[in-house]
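Only the coordinates and a few stated rules stand behind these numbers; no lab work does. This is a predicted model, so every value here is computed, not measured. So basically every Cβ, Gly included, is an ideal-geometry build from the backbone, and we count neighbours across all protein chains shown.
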């Protein structure tokens, strides 16, 4: 069930003041204060419903998955402007990812939480995990940045610029932006293996075209243009720090997960971050999901992801 809390006197990085800012969230599992808390940060088109029948990450956060919602309180905020709580952003570029991290930390404080068991997120949610831990180094016992980066690479900036241009200039902006995004979320090997250049009839669409158009139409049916603009800008704004060594200020255990075929947040950058950070401090790991499917593998390769995550989430602690 969606709930609201209010953050008073919030000032954004751009200097805009919000007297009474509404932040929506959902909590699952044992009531707050009765079990260890896991904060889940959602990705670009995700939301606060992370577990249960409609949960977008329920194959990870469930009794069958690595994280049991009977043993842990699962807490997830909606990124402001994602539209899941019915609120739209009048200015899609009003906040940076750092602003969102500050709001989430303030939200935790309003809920009486100054320390949590874990923060976990993938893609943009993983970058948000880095940002929260960097701003509040002792906030979490463990953090799990998955398929992400602590700083937007030039490649990521290229892709977000293309997305912004499509959203501004297309006659069907959501549909077309999603079609482009899917070419970054998957790999040539993944699409070639799935579709084999087959066509629907002699003059019909190729199967891969139908699949891409389906994803474009599906997003158009469940997401608002302003929300996609908000989330694209936040992805563009990933800038936790300048150098990976600076992440050593985080006192949490750091358990990074990367995907070897990721075309969006590339594996080489995760390896470089791990090398730089592990040279500065202990308690840093990097696990790799092996897949032909690219960035979306964090939503597909659940057997691997559950195996990686499970040791850190005993059912009784």
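Largest first and to the nearest Å, give the Cα extent of the chain along each principal axis.
For the chain, the Cα spread along each principal axis is 62, 42, 39 Å.
Which angle from 0 to 90°, rounded to the nearest 10, does the C-alpha axis of helix 154-169 make with the longest principal axis of the chain?
Tilt relative to the chain: about 70 degrees.
Calculate for the chain the 222 nm mean residue ellipticity that helices alone would give, adding -39,500 (n - 2.57) per DSSP H run of length 4 or more and normalising by residue count, nearest 500 deg cm²/dmol.
Working: 9 runs with 111 residues, N = 317.
Using -39500 (n - 2.57) per qualifying helix, the result is -11000 deg cm²/dmol.
Arrange 287, 64 by Cβ neighbour counts within 10 Å, fewest through most, would you?
Fewest-to-most ranking of 287, 64: 64, 287.
How would you rank 260, 91, going from fewest to most other Cβ atoms within 10 Å of each one's own Cβ?
91, 260
Taking springs between alpha-carbon atoms closer than 10 angstrom, which of 133, 218, 43 fluctuates most in the Gaussian network model of the chain?
Looking only at 133, 218, 43, the biggest GNM fluctuation is shown by 218.
Please give the helix 207-222 orientation as an angle from the longest Cα principal axis of the chain, in degrees from 0 to 90, rounded to the nearest 10.
50 degrees
I want to verify a result. In a Gaussian network model of the chain, Cα cutoff 10 Å, which of these has the top mean-square fluctuation: 195, 77, 223?
Answer for the Gaussian network model of the chain: 195.
Over the chain, calculate the relative contact order: mean separation of alpha carbon pairs under 8 Å at least 6 apart, over the residue count, as a percent.
Once normalised by length, the contact order is 19 percent.
What shape does the range 189-317 take by its C-alpha gyration tensor, where a ≥ b ≥ c are the square roots of the eigenvalues and a/c under 1.5 counts as rounded, a/b above b/c as prolate, and the rest as oblate?
Verdict is prolate for the range 189-317.
Could you work out Rg/(2.2 N^0.38 Å) for the range 152-238, with Rg from alpha carbons only?
1.19
Rounded to the nearest 10 degrees, what's the angle between the helix 97-110 long axis and the longest principal axis of the chain, both from Cα atoms, 0 to 90?
Around 40 degrees separate the two axes.
Once the cut-off is 26 Å, how many percent of the Cα-Cα pairs in the range 13-160 end up in the long-distance tail?
Details: 2374 of 10878 pairs.
Result: 22 percent of Cα pairs exceed 26 Å.
Choose one answer from 250, 74, 162: the residue with the largest mean-square fluctuation in a GNM of the chain with alpha-carbon springs under 10 Å.
Of 250, 74, 162, the most mobile in the Gaussian network model is 162.
Tell me the Kirkwood radius of the range 27-76: reciprocal of the mean inverse pair distance over distinct alpha-carbon atoms, in Å.
It works out to 10.7 Å.
Please report how far the C-alpha centroid of the range 127-196 lies from that of the range 1-59, rounded to the nearest whole angstrom.
20 Å
Percent antiparallel among DSSP beta bridges with both residues in the chain, to the nearest 5?
In the chain, DSSP labels about 40 percent of beta bridges as antiparallel.
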